[in-house]
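Working notes for the structure below.
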Amino acid sequence: MSPATQAMQKDDTQNPAMLWVKDGEALWSKPAANGKSCASCHNDAPKSMKGIAATYPAFDTQSRRPIHLSERINLCRKNKQDASPLPPEHQDLLSMESYVALQSRGMSIAPHRDKRMSEFFTRGEKHYKQRIGQLDLSCAQCHDDNPGKRLAGTPIPQAHPTGYPIYRLEWQGMGSLQRRIRNCMSGVRAEPFAFNSTEMAELETYLASRAAGMAMDAPAVRP
Amino acid sequence: MARALITVPPNAKRGEVIEVRVLIQHPMETGYRPGSDGRILPRDLIRKFSCRYDDGKSNEIVFSAELYAAIAANPLISFHTVATGSGTLTFLWEGDNGFMQSEMAAIKVS
């Protein structure tokens, strides 16, 4: 990341993602049709949501697979608020997610070390190393073999998802890790994994483990 | 209504140069880009920004800007002004499709 982008991320008065955080803060205490808001169960987000985002993806006993933070928010909407789940990349969903993620800023990423997660982790690692698409490239070929070099002018990072959801300058807006992964996949001309699919959850589980111990910097700004 | 983040120092000394930062949520659609259906997305820009400083004695525009298609989405505008007295700063954004938003911030000058 260039020093300019880093400065933009570090300063909350410049970081455009803070606009979504403010929206999320408002949504946190906005009651749904049945009168329940996030705050009616979870109270104060800065206390109750501290460190939560750093543990995702986490195992969901109902669907028996790891789920992402946005899926957890949607589950709460469905089960507790009697509201319809929001579609992937919905602005409200990204706002909620960035507000929750902000509460873990600076904390170490600590993915769930759950036995039930290990098979998903293994498959995620396989996805990561699998060559795909017309360009026949795997994630590892860029992010393990060539990090720090440049691809079309931007540095190749080491695939540590520390700052999601991110404000990406190229998108001129907010986006999730899934959107970013799909970007890479269509970049190598492969068919991207569907949003909230099991494959996506596997890959995200693996990526979170790669970033274990690193500090959360969500909501981040990326080029 | 679009969300805006206003950063004004709450306290300042008389005659001090202060920095004001305003960030607003807006797509700043250029009117040149095709959408996912191949059709050109209609232009939707903030065209004008102004900041009025009411310090109790005078009420005048201390900063204004015209914005064009090359300005990024969610524009951040940062400028300096002299703290002349306690009062309010009123920010006004005007744009295409009748977009108009006004925000206020208080400043205390000692």
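The values are calculated or read from the model by the stated rules, or taken from the named source; none is laboratory data. Owing to the predicted nature of the structure, the values given are computational and were not obtained by experimental measurement. Note that we place each Cβ from the backbone using ideal geometry, even for glycine, and neighbour counts take in every protein chain shown.
List of remarks:
- Any hit, segment A:210-220, residues being crowded, with 18+ Cβ neighbours inside 10 Å, more than 24 Å from residue A:20 (Cβ to Cβ) and out of contact with any strand residue (DSSP E or B) (no Cβ under 6 Å at 6 or more places or on another chain): yes
- Strands (runs of 3 or more DSSP E) (entirely within segment A:134-223) containing at least 2 residues that are touching a helix residue (DSSP H, G or I) at 6+ places or on another chain (Cβ under 9 Å) and either within 14 Å of chain B (Cβ to nearest Cβ) or of a type in the set (Phe, Trp, Tyr) (or both): A:166-168, A:173-175
- Exclusive hit being more than 17 Å from the chain's Cα centre (by Cα), within 28 Å of residue A:51 (Cβ to Cβ) and of a type outside the set (Val, Ile, Thr), set A:114, A:145: A:114
- A single entry from B:46, B:61 fulfils the requirement of being under 15 Å from the mean Cα position of the chain (by Cα), loosely packed, with under 14 Cβ neighbours inside 10 Å, of a type in the set (Val, Ile, Thr) and away from chain A (no Cβ under 13 Å): B:61.
Results for (1) without any contact (Cβ under 8 Å) to a residue 24 or more places away in the chain; (2) assigned to a loop (DSSP other than H, G, I, E, B); (3) among the acidic types (Asp, Glu), shown as yes or no for each residue.
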site	(1), (2), (3)
B:2	no, yes, no
B:22	no, no, no
B:26	no, yes, no
B:38	yes, yes, no
B:48	no, no, no
B:57	no, yes, no
B:61	yes, no, no
B:72	no, yes, no
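- Evaluation of residue A:117 against (1) among the aliphatic types (A, V, I, L, M); (2) in contact with a strand residue (DSSP E or B) (Cβ under 6 Å, 6 or more places away or on another chain); (3) assigned to a loop (DSSP other than H, G, I, E, B) (one fails), failing number: (3)
- Residue A:40 being assigned to a helix (DSSP H, G or I) and hydroxyl-bearing (Ser, Thr, Tyr): yes
- Checking every residue in segment B:7-15 against the condition of being in contact with a strand residue (DSSP E or B) (Cβ under 8 Å, 6 or more places away or on another chain), facing chain A (nearest Cβ under 9 Å) and at pLDDT below 95 gives at least one match.
- Residues satisfying the stated conditions in segment B:64-95, i.e. surrounded by 14 or more Cβ atoms within 10 Å (Cβ to Cβ), of a type outside the set (A, V, I, L, M) and within 23 Å of residue A:169 (Cβ to Cβ): B:74, B:75, B:79, B:93, B:95
- Per-region count, segment A:7-21, residues in a helix (DSSP H, G or I), within 23 Å of residue B:79 (Cα to Cα) and within 9 Å of chain B (Cβ to nearest Cβ): 3
- Being touching a residue at least 12 places away in the same chain (Cβ under 8 Å) and in a loop (DSSP other than H, G, I, E, B) is a property that holds for residue B:68.
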